[in-house]
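Notes follow the structure.
The values are calculated or read from the model by the stated rules, or taken from the named source; none is laboratory data. Source: prediction; values computed, not measured. Heavy atoms of the whole protein, side chains included, go into the accessibility calculation; ligands, DNA and RNA do not. Shrake-Rupley method; radii C 1.70, N 1.55, O 1.52, S 1.80 Å.
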Amino acid sequence: MTGLKAKLAKGGDLIVVPGKLLQQGECRTGLGVLIRNGRFHDIDDAGALSARHPGVSRVDLPDHLMMPGFIDSHTHLTQSLGKSLVFGEPSEIFRRIWVPLESTLDERMVYLSAKLAALECLRGGFTTAVDAGTRSDGCIGALAAAARETGLRSVVGYICNDLGGTAKVPETKEILARAESHLAVWEHDPLIHPSLAISIPEAASDMMLTWISQMAAEAGVTFQTHVNEHLVAVERSLVANGRRPLEHLAEVGALGPQTLIAHATLITPKELNILRDTDTAVAYNPVASVWKGNAIAPALQMEALGIRFGLGTDGTRADGFRLMDAGESLQRAGFGLSTGDSSCGGGWLWLDAATTRAANVAGLGKVTGDISEGLAADFLLVDLDRPEFTPSHDLIWELVRYGARDQIDAVFTQGELRLWKGWPLDWDAKALMAELRELTETAIADAGIQRIHPVSSDHRAQAMPQ
């Protein structure tokens, strides 16, 4: 395997001939893929491809699946320092934990937090992550730099709140100027794709919601916001505006093909029609629903209505295989059991939602998400010589239910090998973790976090009879 690692890591043109190739939703055999200048340059019968490019190094991997990397359609790269602090917590953890924590992070801590999160993404098979933006003041560059150094393709949101929810709230003119600068700085970067965001609709004025959504549309980037996730937020919107959050976004003209809504779990039939009619996209975050949500997004109903959606973690657990399993499982538990639907997407839907469809909702459908000529060479090499895939009768569904990140041997983005057997090749992940272990306790203590639920050992002591 050392020789294989060297061949994959050497750079330059490379022909990969996997035992199976996942392309356009189907597993195919006998094909080779030429990677050149960071892209899938040519895909054809392996023999014909090698004959056409006789001088190119070729790597044969008969026991591997070559598949598109997973795409996390909604995450928070600067929340990696908190992790289990949110376990068992009631809804709206952002008010008690995330806003205080992120608001106190300086540039160095933003960089370290984002780099750790990016490493976790890559280890879980994600080659792209859509970050909803950091609430830290003036540190968006550190976040983007950290992600870029790891090789994680990232859609990086700049938060444009003008009514609170961030470390500092600039004046309107400054918010708009910073938003324009953010779009300009990263416009041509090969790995960082700019986006604009508002944390939740109530954190911005109606005018700001409209302006930022329109600015994103004109720039051809995504506009991100969290909508209809928690009951209290829905009720606050009804009291303040006479409309639910999603209805209010529609009223002020902030929805459309550029808009990516995170969650949409507490959603009415009318609001489903609004999503469909405006071609607004949704990040379906199943693990977030289980861990701290109030409901499950009706993803199967969205599929039936033609509403675009992709799978997201919401920063919960960076594992693409377990995310697909959760996506399917919650639809089965929440809707399939009561209707007698034993299929709930037939396996393929969740693989699509973690790859090609997630690329679409992230605004990257022409950049990544599939193994097709011209797209960025973002892909995984998955070891199929495992008990979980023996015997194999339906590999696509097996990936959803039996896939695990320890089966991923190699992670590539932009044609470069970023991780081998779960660890980076060109930077010291262990040193990063050691530094964070030294600094995190102080960062948490200084943040003024309010936890409701005790740690598990204390909870056990309270629950056990004396």
Dividing the Cα convex hull volume of the range 102-182 by residue count, how many Å³ per residue is that?
79 Å³
Just to make sure I understand: if all protein chains stay in place, what is the order of Ile274, Ile93 by accessible area at 1.4 Å, largest first?
Ile274, Ile93
Hey, what's the Kirkwood Rh for the chain if you take every pair of different alpha carbons, in angstrom?
22.7 Å
Pop out the carbon and sulfur fraction of the accessible area of the chain as a percent, whole number, probe 1.4 Å.
51 percent
Top to bottom by accessible area (1.4 Å), largest first, where do Lys7, Lys115 land?
Lys7, Lys115
Normalised per residue, the volume of the convex hull around the Cα set of the range 219-325 (Å³):
105 Å³
So what is the accessible area of the chain per residue, in Å², with the probe set to 1.4 Å?
40 Å²
Leaving out ligands, DNA and RNA but keeping every protein chain, what accessible area does Arg39 have, in Å² rounded to the nearest 10, with a 1.4 Å probe?
100 Å²
Check the straight Cα-Cα distances from Lys10 and name the lysines below 25 Å, setting aside those fewer than 8 residues away within the same chain.
Lys20, Lys115, Lys421, Lys430
For helix 107-123, what angle does its Cα long axis make with the longest principal axis of the chain, in degrees from 0 to 90 and rounded to 10?
50 degrees
Give me the distance between the Cα centres of the range 321-384 and the range 434-457, rounded to whole Å.
34 Å
For the range 1-102, the percent of all C-alpha pairs falling in each 5 Å bin, from 0 up to the bin holding the max distance, is 2, 10, 17, 15, 12, 6, 6, 8, 10, 8, 4, 2, 0
Fraction of alpha-carbon pairs over 16 Å apart in the range 249-302 - percent:
39 percent
Once phi for every residue in the range 47-56 is put through the Karplus expression 6.51 cos²θ - 1.76 cosθ + 1.60 (θ = phi - 60°), the whole-Hz ³J(HN,Hα) values, with Gly and Pro written as x, are x, 5, 5, 5, 5, 6, 10, x, x, 8
Test of understanding: express the Cα radius of gyration of the range 348-466 as a ratio to 2.2 N^0.38 Å, with N the residue count.
1.54
How much solvent-accessible surface does Val287 expose, in Å² to the nearest 10, with a 1.4 Å probe and all protein chains in place?
10 Å²
Built amide H within the under 5 Å cut-off of Val227, gap 5+
Ala262, Ala264
Please tell me the relative contact order of the chain in percent, rounded to the nearest whole number, where contacts are Cα pairs under 8 Å and at least six residues apart.
19 percent
For the range 400-463, rounded, prolate or oblate, judged on the Cα gyration tensor with a ≥ b ≥ c (square roots of eigenvalues), a/c < 1.5 rounded, else prolate if a/b > b/c?
oblate
Accessible heavy-atom area order of His263, His53, highest first, probe of 1.4 Å:
His53, His263
Per residue and in cubic angstrom, what volume does the convex hull of the Cα atoms of the range 127-222 have?
84 Å³
Over the Cα atoms of the range 74-132, what is the Rg over Rh ratio if Rh follows Kirkwood?
0.97
Column: log10 I(q)/I(0), Debye, Cα scatterers of the range 396-436, q = 0.21, 0.29, 0.34 Å⁻¹
-0.78, -0.95, -1.05
